[in-house]
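A.B. asks: Below are the structure tokens for one structure; questions will follow.
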Amino acid sequence: MEESAADPLFKARPTSFASIAKATEGFLTKFQPPAPLAPFLYDDITELIRNLMQRVVKANILEAADTPRKLVAVDLKDDKNLLSRDKIGVGIGGVSKVSK
């Protein structure tokens, strides 16, 4: 508990998670109906992954990943592919919590 409270990003985490949930909500809602939506799944999940990756991956890396195969092959453990901490997309609410 004390360790979490000492984390400077502690207050920003819930709003960041809420931002990610909001970004995925449309995708999840679209694929809930019993209608056969499987033909649209590939393109929509690729778009969702790309949108989520924009929060942490450098723009030039995402531009080079011009196919779904290249997109999922991006090495997220390589710091050269990731945005610096001050540029990570945490959502508007997260930014306001961090700046306080």
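The values are calculated or read from the model by the stated rules, or taken from the named source; none is laboratory data. Bear in mind the structure is a predicted one, so any value in this text is a computation, not a measurement. Don't worry about glycine lacking a Cβ; one is built from the backbone with ideal geometry, like all the others, and counts go over all protein chains shown.
A.B. asks: How do the pairs read when you match residues in the range 10-36 that are more than 12 Å from residue 89 (Cα to Cα) with residues anywhere that are of a type in the set (A, V, I, L, M, F, W, C) and surrounded by fewer than 14 Cβ atoms within 10 Å (Cβ to Cβ), using Cβ under 6 Å and keeping only pairs 6 or more apart or on different chains?
C.D. replies: 31/37
A.B. asks: Further question: Exactly one condition in (1) in a helix (DSSP H, G or I); (2) under 13 Å from the mean Cα position of the chain (by Cα) is false for residue 55; which is it?
C.D. replies: All conditions are met except number (1).
A.B. asks: Can I ask one more? Look at the range 13-52 and say how many of its residues are surrounded by 12 or more Cβ atoms within 10 Å (Cβ to Cβ), outside any helix (DSSP H, G or I) and among the aliphatic types (A, V, I, L, M).
C.D. replies: Here the count works out to 1.
A.B. asks: Quick one: what pairs do we get from the range 38-50, first residue more than 27 Å from residue 82 (Cβ to Cβ) and at pLDDT below 95, second part of a helix (DSSP H, G or I) and among the polar types (S, T, N, Q), C-beta under 7 Å, 6+ apart or different chains?
C.D. replies: Taking only residues 6 or more apart or on different chains, not a single pair turns up.
A.B. asks: Something else about it: Taking the conditions exactly as written (out of contact with any strand residue (DSSP E or B) (no Cβ under 6 Å at 6 or more places or on another chain), at pLDDT below 85, loosely packed, with under 14 Cβ neighbours inside 10 Å and hydrophobic (A, V, I, L, M, F, W, C)), does residue 10 satisfy them or not?
C.D. replies: Working: out of contact with any strand residue (DSSP E or B) (no Cβ under 6 Å at 6 or more places or on another chain): yes; at pLDDT below 85: yes; loosely packed, with under 14 Cβ neighbours inside 10 Å: yes; hydrophobic (A, V, I, L, M, F, W, C): yes.
Taking the combined requirement at face value, the residue satisfies it.
A.B. asks: Within the group 24, 46, 15, which residue is among the polar types (S, T, N, Q) and touching a Pro at 6+ places or on another chain (Cβ under 8 Å)?
C.D. replies: Working: 24 fails: touching a Pro at 6+ places or on another chain (Cβ under 8 Å); 15 fails: touching a Pro at 6+ places or on another chain (Cβ under 8 Å).
Every option except 46 fails the conditions.
A.B. asks: Taking into account only those residues within the range 59-87 that are under 17 Å from residue 49 (Cβ atoms) and of a type in the set (Gly, Ala, Ser), which is farthest from the chain's Cα centre (by Cα)?
C.D. replies: Result: 64.
A.B. asks: Can you say whether residue 90 is within 24 Å of residue 8 (Cα to Cα), of a type in the set (A, V, I, L, M, F, W, C), modelled with pLDDT under 95 and outside any helix (DSSP H, G or I), as far as the supplied structure shows? Step through it out loud before you land on a result.
C.D. replies: Working: within 24 Å of residue 8 (Cα to Cα): yes; of a type in the set (A, V, I, L, M, F, W, C): yes; modelled with pLDDT under 95: yes; outside any helix (DSSP H, G or I): yes.
Considered against the rule, which asks whether it is within 24 Å of residue 8 (Cα to Cα), of a type in the set (A, V, I, L, M, F, W, C), modelled with pLDDT under 95 and outside any helix (DSSP H, G or I), residue 90 comes out as yes.
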